[in-house]
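The values are calculated or read from the model by the stated rules, or taken from the named source; none is laboratory data. It should be emphasised that the depicted structure is a prediction, and the values quoted were computed from it without experimental measurement. Here the Cβ positions follow ideal geometry from the backbone for every residue, glycine too, while neighbour counts run over all protein chains shown.
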Amino acid sequence: MTAAPTWDVGSVRDALLTKKTSARELAKDFYAQIERRNPELNAFLALCPERAYAQADRVDATVANGDVLGPLAGVPVAIKDVISTQGVRTTCGSKILANYTPPYDATAIERLENAGAVILGKTNCDEFAMGSSNENSAYGPVRNPMALDRVPGGSSGGSAAAVAAGLAVVALGTDTGGSIRQPGAYCGIPALMPTYGRVSRYGLIAFASSLDRIGPFATNISDASTVMSVIAGHDSKDSTSAAVGVPDYAAEIEKSLEGLRIGVPEDYFGAGLDLEVKAKVQAGIALLEKLGCKRVPLKMPHTDYAIATYYIVATAEASSNLARYDGVRYGSRVQGTTLMDMYRKTRERGFGPEVKRRIMLGTYALSSGYYDAYYLRAQKVRALIAQDFANAFEKVDAILTPTAPTPAFRLGEKTADPLQMYLADIYTVTGSLAGVPGISVPCGKTSAGLPIGMQIFASHFGESRILQLARAFEKAGGFSI
Amino acid sequence: MKISREDVLRVAQLAHLELAPEEVETYRGQLDKILAYIGKLQELDVSGVEPMAQMRPQTAEGAHQDSRLTISAQGAAASAELELRDDVVVPCNVADAVLAEAPDAAKPYFRVPKVIER
């Protein structure tokens, strides 16, 4: 099926320092792999070799001069196509931005390149990050490298598939309701959604501003930690980014788990959870107990209301954010006889069905006469869900759940029924609404060989705690339990 | 049935979407089903609950008391914590690059179909 990823951040660094390869050679090898595999996987939408080789040459010059290398020097990286890259086409997986080239870089991109990362290109995703299977991309679905007849998950399906197939060493995705964690679970790799405000959203093309977060995909926890240390931190260009110090995550993750309290909410293990997924996640939790954690049963009584809450809050924000695509300032335009006619034709032809569905749902929820019953009520329930987390973190240091109720489903299996598709995010949207960080780590496979993900939540800015648990789990063989 | 054809057309109008005739019934059925599911929010008693209007967690792990406060903190309290940058002019010479992305620009303007009839 797929060649397993062969490089990680550490091995790239060693190879550069011992002159076994150069950053340019490495980038060339990755582009050759992409050329070979991408026609089948459809993980990349655009490549930027000029930019990548220029960056690689800078890294190689640093090595030649014996200067200090950045923490991601020479590391080939893939970027979800909702994150702005100056001079590199950025479509958000939408027809309406088919020819859009951002005039500036997102802060996360700037920080990656300052750390020496080599950006290979932009990855496929559900249109405007709206979807759970990557089938809503205007540029065709991505295939799961672990099982080509299956979806890679969404919306960051291209980034997950690229890393899982070894076409990039690490990647950035974005998570609004599960869009990093769920594809991480489906493709069998670690995938971290940081705390809301931990990573600047400057240059991230908005879907739902109170939920959107940028975070990493990697093949191991050390790499995810390194990327986090690079991209996290306050940014004066994003007033919602938090002025909270950034730990050296890589240094924090080797600590012992002795005495940590892990909460297991029964509400995440009920009806609808695939039995094989349930068994593996329970085995994963048992392994953490063996490593010194104390298991604490939890109740999070508002869990069952999270999907309904999410699909009001997220669509309301989306209907507002996506009002900007009107054929005036950027993107495509369809001519009309009047200004209004032009707006309506441009949006009708430019947006795909899921985006239109969500814009309409959000517009409905915000419209006169329905606001109190839908949007205001959803914001109140959101507070209750956040309170469930706050109460839980009075008793525990982390919360353990499955990432998704099933393993990766087949392409086309859920496209006819939007509600069924939404329910694929049932265990991830809770943390999104509460603003807390969460990771999905590989936790064995089903009998059919499909990856399973286990989710770890911690309280706000508890990324170190999450990565520490994930690292111990990885070291003890949990990924292939 | 919660959603009528008229509702769909009204919402499409508000959202500046010109739906094809066959789309109207498709969206009507789908939105109806989704809203029926969302109806479960009505089961909860939310009296006395402050709506969570924004997400500005300010505290590091461990400070649970504080984090509890801030996640339910609203409006004034939360925005008081916003880090505003200094009121200093920063050069931002991107007008040409921005206009280059416009479907129809006549420097320094965006051009649109005629709005005002005289």
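Looking at A:Val296, A:Val355, A:Val313, which one is assigned to a helix (DSSP H, G or I) and closer than 29 Å to A:Arg465 by Cα? Don't jump to the end; show me each part of the working.
Details: A:Val296 fails: assigned to a helix (DSSP H, G or I); A:Val355 fails: closer than 29 Å to A:Arg465 by Cα.
So the residue among A:Val296, A:Val355, A:Val313 that is assigned to a helix (DSSP H, G or I) and closer than 29 Å to A:Arg465 by Cα is A:Val313.
Please specify each residue of the range A:102-127 satisfying the condition of being within 14 Å of chain B (Cβ to nearest Cβ) and in contact with a Ser or Thr (Cβ under 7 Å, 6 or more places away or on another chain). Break it down into steps so the answer makes sense when it comes.
The initial filter retains those residues of the range A:102-127 that are within 14 Å of chain B (Cβ to nearest Cβ), namely A:102-105, A:107.
A:Pro102, A:Tyr104, A:Asp105, A:Thr107 - these are the residues of the range A:102-127 that are within 14 Å of chain B (Cβ to nearest Cβ) and in contact with a Ser or Thr (Cβ under 7 Å, 6 or more places away or on another chain).
Regarding A:Val381, is this residue crowded, with 21+ Cβ neighbours inside 10 Å, in a loop (DSSP other than H, G, I, E, B), within 13 Å of another protein chain (Cβ to nearest Cβ) and at pLDDT 95 or above? Judged against the criteria, A:Val381 is not a match. The selection criterion, being under 17 Å from the mean Cα position of the chain (by Cα) and either over 20 Å from A:Asn124 (Cβ atoms) or surrounded by 24 or more Cβ atoms within 10 Å (Cβ to Cβ) (or both), does not hold for A:Ser256. Close contacts from the range A:248-266, counting a first residue that is more than 14 Å from A:Phe389 (Cα to Cα) and a second that is of a type in the set (S, T, N, Q) and in a loop (DSSP other than H, G, I, E, B), with Cβ to Cβ under 9 Å and a gap of 6+ residues or different chains, come to none at all. Among the residues of the range A:110-147, those that are within 15 Å of the chain's Cα centre (by Cα) and either surrounded by fewer than 24 Cβ atoms within 10 Å (Cβ to Cβ) or outside any loop (DSSP other than H, G, I, E, B) (or both) comprise A:Lys122, A:Thr123, A:Glu127, A:Phe128, A:Ala129. Restricting attention to the range A:392-417 and to residues that are surrounded by fewer than 21 Cβ atoms within 10 Å (Cβ to Cβ) and in a helix (DSSP H, G or I), the residue that is farthest from the other protein chains (Cβ to nearest Cβ) turns out to be A:Lys395.
If the condition is being within 14 Å of another protein chain (Cβ to nearest Cβ), of a type outside the set (S, T, N, Q) and in a loop (DSSP other than H, G, I, E, B), then the range A:71-91 contributes A:Gly87, A:Arg89.
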